[in-house]
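The values are calculated or read from the model by the stated rules, or taken from the named source; none is laboratory data. This one's a predicted model, so the numbers in the text were calculated from it and none came from an experiment. All Cβ positions, even for glycine, are placed from backbone atoms using ideal geometry, and neighbour counts span all protein chains on display. Only protein heavy atoms, including side chains, enter the accessible area calculation; ligands, DNA and RNA are left aside. Shrake-Rupley method; radii C 1.70, N 1.55, O 1.52, S 1.80 Å.
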Amino acid sequence: MLILFKLLGSLALLMFGMKSMSDALQKMAGPQLRHVLGAMTTNRFTGMLTGTLVTASVQSSTATTVMTVSFVNAGLLTLAQAISVIMGANIGTTLTAWIMALGASFDISIVSYVGFFVGIVLIYMKKHRYIGDFLFGLGLLLLGLTTLRMTGNEMDLGHNPSVLSFFQSFDPDSFWTTLVFLLLGGVLTFCVQSSAAVMAITMLLCGSGAMPIYQGIALVLGENIGTTITSNLAALSANTQARRAALAHMFFNVFGVLWILLVFRWFIDGVIYVVDNMMGQAEANVQSKLTFTLAAFHTGFNVINASILIWFIPQIEKFVCWVIKSKKAEGEDEDFRLHFITAGFMKTPELSVLEAQKEIQSFSDRMQRMFGMVQELLNVGKSDKADKGSKNEQEFNKLYTRIEKYEGISDNMELEIAKYLEQVSDAHLSDETKAKIRAMLREISELESIGDACYNMARTISRKYTQKQDHFNEQQYSHLHQMMGLAEDALTHMNRLMSGRKEAYDVNRTFNIENEINNFRNQLKVQNIIDINNHAYTYAEGTVYMDLINECEKLGDYVVNVVEARMGTRQKDI
């Protein structure tokens, strides 16, 4: 029982160490990694190289895949470019196997202790705490590997009759044995949710001589499929492009497993021949050679598979688009649904903030569409009154119902995004990320206020329409359209900022529009009193008219607040 807990504990150290390393690297270079993904995918080859390097750096193919999918959703990468990056991620993740092979073959415990000491010093220095987090994670990983090797030696699986009899019960030359272990590798990876942990167990079994190398490599093949099942299940709640990218990942690995099964023995014998020539034929090196053979196979398999499929990326893209078709209603936004934030894809705080930013961008787009409906409602309400049940009234009621629906959407989006950001803020965050979350919470609050202003205007128009009040005169309609035009310009510039980079945004343009709105509102307020005194329209009509003008002015204020939150500036600072 003690040995069993040592085995499980060492695997836990290994997995937690890898996660700590990945999180620390993404905190140090999260924005830079995103820019690298966006800039270095001009063609399929640079895309694959980028995926390889990024994954080798962050030690997580899942993190690279999630980041890539988020770029596809934002329109910064095409699906074809994303597929090439995911191919590279499969190659980059093989570095983990080489680290494990070294850990299983050499005593690297001293390196882990050095990592702990230097790491804790840097963590308490705060300025370099992310480097310290990385070194501490590296120490945990190496200590996990060292403990795993020592536990394997204690278990002496190579001389355990029960373990040996279990593996000997399978015919080593049977194709069905290969399929059984392939399936076992996939199921274990899916259950453990970590291909690294299953790879470590495989190396332990093969290195001890308990499991034949052919069955061990079949487990490795199963791991490649099992890790894609997790991402596909996580993508079920995501949008179409995310599901297509996840399916492309599964297609890539399943295709590789199919062709490798045709040349299974010959390919493994070739890998063994290469490793033997590099490490020599000494019996003392048998354990090391077996673990290095697993790592060499893992790398060779993924490199050759990527080299074959990189020429067929357009065909893979067509295939996944054919299998997963776009939902007709997906672009209509008539139902509340978060497009980018999904529980399955919340992996690290830095990536989660990126997802939330895209969701806020979608929120902002929706609010501008809602304001467009308000303008349309004003025009429909301007039409000559008709009998109850007429086409005009049906159109007005349908449009007003849509605006009501968007008001509910804006309330739900604010709550759900805020809840998501609160979950992210529970993690250890960089100062930059903390500032972003504070700004984003303000942004969603102001965006929801824009939705409230739109709904208030729609209610005012509806009240005037349903009570069969007289129309505004042409001058009033002209002023309303002019004021709404200014508000529309403010929303357009706000969305340009939300969808682009703030360094390229001219914040003064938003402030100038706001000043125009304020001056025009003041001018109309004075003119309204004069027109009422001159009996151009009644006081009640003037009140409804100014309610709409004032709501437009409030909307402009909310837009400025969103821009200030996004830019990190205030109007009086400019």
TODO: Hey, could you check region 207-220 for residues that are in a helix (DSSP H, G or I) and modelled with pLDDT of 80 or more and say which is most open to solvent (accessible area, probe 1.4 Å)?
DONE: Tyr214
Task: Subset tally (residues that are at pLDDT below 75 and in a helix (DSSP H, G or I)) for region 140-160 - done: 8
Open item on the list: I want to confirm something. Restricting to region 161-203 and keeping residues that are in a loop (DSSP other than H, G, I, E, B) and of a type in the set (S, T, N, Q), which single residue is farthest from Thr55 (Cα to Cα)?
Closed with: Ser169
Open item on the list: Against the definition (of a type in the set (Gly, Ala, Ser), open to solvent by less than 60 Å² (accessible area, probe 1.4 Å), at negative phi and part of a helix (DSSP H, G or I)), how does Ala540 come out, yes or no?
Closed with: no
Task: Residue count, region 499-526 (criterion: touching a residue at least 12 places away in the same chain (Cβ under 8 Å), of a type outside the set (Ser, Thr, Tyr) and either under 20 Å from Cys552 (Cβ atoms) or open to solvent by 30 Å² or more (accessible area, probe 1.4 Å) (or both)) - done: 13
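Table: residues versus (1) farther than 30 Å from Leu148 by Cα; (2) surrounded by fewer than 24 Cβ atoms within 10 Å (Cβ to Cβ); (3) modelled with pLDDT under 80.
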| site | (1), (2), (3) |
| --- | --- |
| Pro31 | yes, yes, yes |
| Gly38 | yes, yes, yes |
| Gly47 | yes, no, no |
| Val54 | no, no, yes |
| Ser61 | no, no, yes |
| Thr65 | no, no, yes |
| Phe71 | yes, yes, yes |
| Trp98 | no, yes, no |
| Phe106 | no, yes, yes |
Open item on the list: Could you check region 108-139 and list, in sequence order, the residues that are open to solvent by 50 Å² or more (accessible area, probe 1.4 Å), of a type in the set (Ser, Thr, Tyr) and within 24 Å of Glu432 (Cβ to Cβ)?
Closed with: Tyr124
TODO: List every residue pair whose Cβ atoms lie under 6 Å apart, where the two residues are 6 or more positions apart in sequence or sit on different chains, the first residue falls within region 173-192 and is in contact (Cβ under 8 Å) with a residue 60 or more places away in the chain, and the second residue, located anywhere, is part of a helix (DSSP H, G or I) and not β-branched (Val, Ile, Thr).
DONE: Thr178/Ala218; Leu182/Ala218; Leu182/Leu221; Leu182/Gly222
Open item on the list: Kindly evaluate Leu486 against the criterion of being of a type in the set (A, V, I, L, M, F, W, C) and under 14 Å from Met367 (Cβ atoms).
Closed with: no
TODO: Kindly indicate the residue of region 398-427 that is charged (D, E, K, R) and out of contact with any helix residue (DSSP H, G or I) (no Cβ under 8 Å at 6 or more places or on another chain) and also least open to solvent (accessible area, probe 1.4 Å) among those meeting that condition.
DONE: Glu416
Task: Conditions (1) under 20 Å from Ile461 (Cα atoms); (2) open to solvent by 50 Å² or more (accessible area, probe 1.4 Å); (3) hydrophobic (A, V, I, L, M, F, W, C); number of the one not met by Ile529 - done: (1)
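Residue-wise test of (1) more than 18 Å from the chain's Cα centre (by Cα); (2) open to solvent by less than 60 Å² (accessible area, probe 1.4 Å); (3) farther than 18 Å from Gln375 by Cα; (4) at pLDDT 85 or above.
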{"site": "Leu429", "(1), (2), (3), (4)": "no, yes, yes, no"}
{"site": "Glu432", "(1), (2), (3), (4)": "yes, no, yes, no"}
{"site": "Ile437", "(1), (2), (3), (4)": "no, yes, yes, yes"}
{"site": "Met440", "(1), (2), (3), (4)": "no, yes, yes, yes"}
